[in-house]
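The values are calculated or read from the model by the stated rules, or taken from the named source; none is laboratory data. Bear in mind the structure is a predicted one, so any value in this text is a computation, not a measurement. All Cβ positions, glycine included, derive from the backbone under ideal geometry; neighbour counts span all protein chains shown.
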Amino acid sequence: MLVSIGSEALVRAVNSVIVAVFLLLLIIFLGIFFDIIGTASTAALLPPFNAQAAKKLYGARQAVTLIRNADLVANFCNDVVGDISGTLSGAIGAGIVVKLAQQFALIDTVLAGAVMTSIIAALTVGGKAVGKGMAINHCNAIISRVARVVAWWEDISGMELFKNRR
């Protein structure tokens with residue numbers, strides 16, 4: 001709710017359609033990015049990361065945790081973040097159509113809304129399709145990078161991402 005209110009307020013505050021389109025693309029990209037992480041967590045192989053964790057390599061313990069909790073990671077990344085980014089991108093798309101309708105009185109809002117919805121859907125579905133292929137083909141490399149970011153976050157914040165989990 002806070003992200004939705006914040007992005008909607010930002011779109012309303014900024015009179016530039018270009019900035020709103022940039023924000024829309026950023027939210028679509030974030031949805032795709034998290035979908036890649038969620039898919040990679042379900043496809044990654046545990047044995048290489050177990051070996052790295054035994055050697056105490058940075059982020060390996062977090063990678064093992066991400067893979068062992070792949071159901072939670074995929075649910076959060078694919079479903080929660082995906083649904084939120086889909087909802088926000090639709091709201092921002094509607095805001096862009098309204099702004100365009102205000103600026104150009106000749107615009108047909110029904111047609112513009114349909115075009116905007118089609119563009120958002122095409123970018124989201126197409127991006128996720130490409131991303132899933134990348135996630136499956138490069139799952140271990142993706143999880144390794146994500147695990148290093150998680151390890152870094154745990155180091156600076158002192159909070160464990162999956163405390164008391166498998």
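Quick notes on this one:
- Taken over segment 114-139, the criterion of being among the polar types (S, T, N, Q) and either surrounded by fewer than 16 Cβ atoms within 10 Å (Cβ to Cβ) or outside any helix (DSSP H, G or I) (or both) is satisfied by T117, S118, N137.
- All of (1) part of a helix (DSSP H, G or I); (2) loosely packed, with under 13 Cβ neighbours inside 10 Å hold for M159 with one exception: (1).
- Residues satisfying the stated conditions in segment 137-161, i.e. more than 16 Å from P48 (Cβ to Cβ) and not hydroxyl-bearing (S, T, Y): V149, V150, A151, W152, W153, E154, D155, I156, G158, M159, E160, L161
- Residue within segment 119-137 that is aliphatic (A, V, I, L, M) and more than 17 Å from the chain's Cα centre (by Cα) present: yes
- Across segment 72-112, the qualifying residues are those that are modelled with pLDDT of 90 or more and among the polar types (S, T, N, Q), and the one among them that is farthest from A40 (Cα to Cα) is S89.
- Inspection of segment 49-70 finds no residue satisfying the criterion of being surrounded by fewer than 16 Cβ atoms within 10 Å (Cβ to Cβ), over 13 Å from A141 (Cα atoms) and either under 23 Å from the mean Cα position of the chain (by Cα) or of a type in the set (D, E) (or both).
- Some residue of segment 73-88 being assigned to a helix (DSSP H, G or I), of a type in the set (D, E) and either without any contact (Cβ under 8 Å) to a residue 60 or more places away in the chain or surrounded by fewer than 16 Cβ atoms within 10 Å (Cβ to Cβ) (or both): yes
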